[in-house]
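The values are calculated or read from the model by the stated rules, or taken from the named source; none is laboratory data. Keep in mind it's a predicted model, so treat the numbers as computed, not measured. No Cβ is skipped: glycine too gets one built from the backbone with ideal geometry, and neighbour counts run over all protein chains shown.
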Amino acid sequence: MSSSQAPYPHLTNLLSGSLGARALACSDDFFASMHNLVEDAPPAFDPDAYYERGKVMDGWESRRKRGPGHDWCILQLGAPGILHAADIETTHFTGNHAPWASLEATFFEGSPDADTLRDEAEWVEILPSVALRL
């Protein structure tokens, strides 16, 4: 499948920035911003694009973990809905993507800040750890 094709064209992308989805917080986004996760455009790659922290990547990229724990990102959906599928996009991340991922969800009334969501929310696993592939 071409990276320009939507993987589930019959479903609404609840993480679409055009719907108001937002990246609220993450453990680390040293190499590429968490805000890229809610961009509507297909992933892009420029082999010649570099900046002070390394290669410019169109996605979320953290520094490699050397200790315990895992990386995480809190994303706010742009609209309420029922999750029928998840596309964890790794296009152009060759050799530097996480080997696995899982998804958790929570519901909060209003607009809680990231600290409240991180520290007080009751998170429920909605996708157990799965291996990612290119």
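Some points to look at:
- Matching entry among GLU104, GLU89, GLU122 (being of a type in the set (D, E, K, R) and in a strand (DSSP E or B)): GLU104
- Selection within region 26-43 - surrounded by fewer than 17 Cβ atoms within 10 Å (Cβ to Cβ) and either touching a residue at least 40 places away in the same chain (Cβ under 8 Å) or of a type outside the set (A, V, I, L, M) (or both): SER27, ASP28, PHE30, SER33, HIS35, ASP40, PRO42, PRO43
- Region 72-94 residues that are more than 22 Å from ASP28 (Cβ to Cβ) and at pLDDT below 95, paired with ones that are part of a loop (DSSP other than H, G, I, E, B) and among the β-branched types (Val, Ile, Thr) (beta carbon under 7 Å, 6 or more apart): GLY81/THR12
- In region 121-134, the residues that are closer than 16 Å to ALA98 by Cβ and among the hydrophobic types (A, V, I, L, M, F, W, C) reach residues that are modelled with pLDDT of 95 or more and surrounded by 11 or more Cβ atoms within 10 Å (Cβ to Cβ) with C-beta atoms within less than 8 angstrom, at least six apart or across chains, in these pairs: LEU127/SER102; LEU127/LEU103; VAL130/SER102.
To keep it simple, each residue is scored yes or no on (1) exposed (fewer than 12 other Cβ atoms within 10 Å of the Cβ); (2) in contact with an Asp or Glu (Cβ under 9 Å, 6 or more places away or on another chain); (3) of a type in the set (Gly, Ala, Ser).
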position: THR94; (1), (2), (3): yes, no, no
position: HIS97; (1), (2), (3): no, yes, no
position: ALA101; (1), (2), (3): no, no, yes
position: GLU104; (1), (2), (3): no, yes, no
position: GLY110; (1), (2), (3): yes, no, yes
position: ASP113; (1), (2), (3): yes, no, no
position: THR116; (1), (2), (3): no, no, no
position: LEU127; (1), (2), (3): no, yes, no
position: ALA131; (1), (2), (3): yes, no, yes
